[in-house]
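Here the structure is laid out as structure tokens; the discussion comes afterwards.
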């Protein structure tokens, strides 16, 4: 089974990745755009997105391409599951702002119009959050709704992950809190 994290960064992506790794499941996390580039290449070459990846990888985390193109993964991998990781939006904006101040290039006008159009960074991020939420809610309806878990990192415990993935064994039920911000 493949599991894809589809919420934004600064919402427990590294903690989720470590949770799966600590339980013996191979997990990949961000890796400086390596995975974004890999999946983009496969898409352009009309190949299945997971072609040429380690077949033992179970959990994919903090990969922008997956977040933006989760529908393709859902269609190509019909038994896959998705974790939509969230937190309070104002806390997320504050955390992302702190991260931006440390790593401004990580948020450098990714879509080529934010700064040019004079958009406020936080307003843009908030609208991006709300739009992404709507896209996820509209996609995962009916039978598909069983394939997604909304996981609030500030409120939910690992029991919710364990219940969502009943065919997986979890022995380490500590949720690692990484990159707190």
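Nothing in this text is a laboratory measurement; each read-out follows from the coordinates by a stated rule. Because the structure is a prediction, the values reported are computed rather than measured. Because the Cβ atoms are built from the backbone with ideal geometry, glycine has one as well, and the counts that use them run over all protein chains shown.
Gyration tensor over the Cα atoms of the chain: the corresponding equivalent ellipsoid has semi-axes (square roots of 5 times the eigenvalues, largest first) of 25, 20, 16 Å.
For the chain, with a Gaussian network of springs between Cα atoms less than 10 Å apart, report the residue from 27, 95, 61 with the top mean-square fluctuation. Highest fluctuation among the options: 95.
Modelled this way, with points 7 Å down the Cα-to-C-beta line, the labels at residue 174 and residue 152 are 2.6 nm from one another.
By the helix-only formula, in which each DSSP H run with n ≥ 4 contributes -39500 (n - 2.57) and the sum is divided by residues, the chain has a 222 nm mean residue ellipticity of -12000 deg cm²/dmol. Computed from the C-beta positions of residue 72 and residue 127 and an R0 of 25 Å, the FRET efficiency is 0.60 to the nearest 0.05.
Distance from the alpha carbon centroid of segment 116-181 to that of segment 1-40 works out to 12 angstrom.
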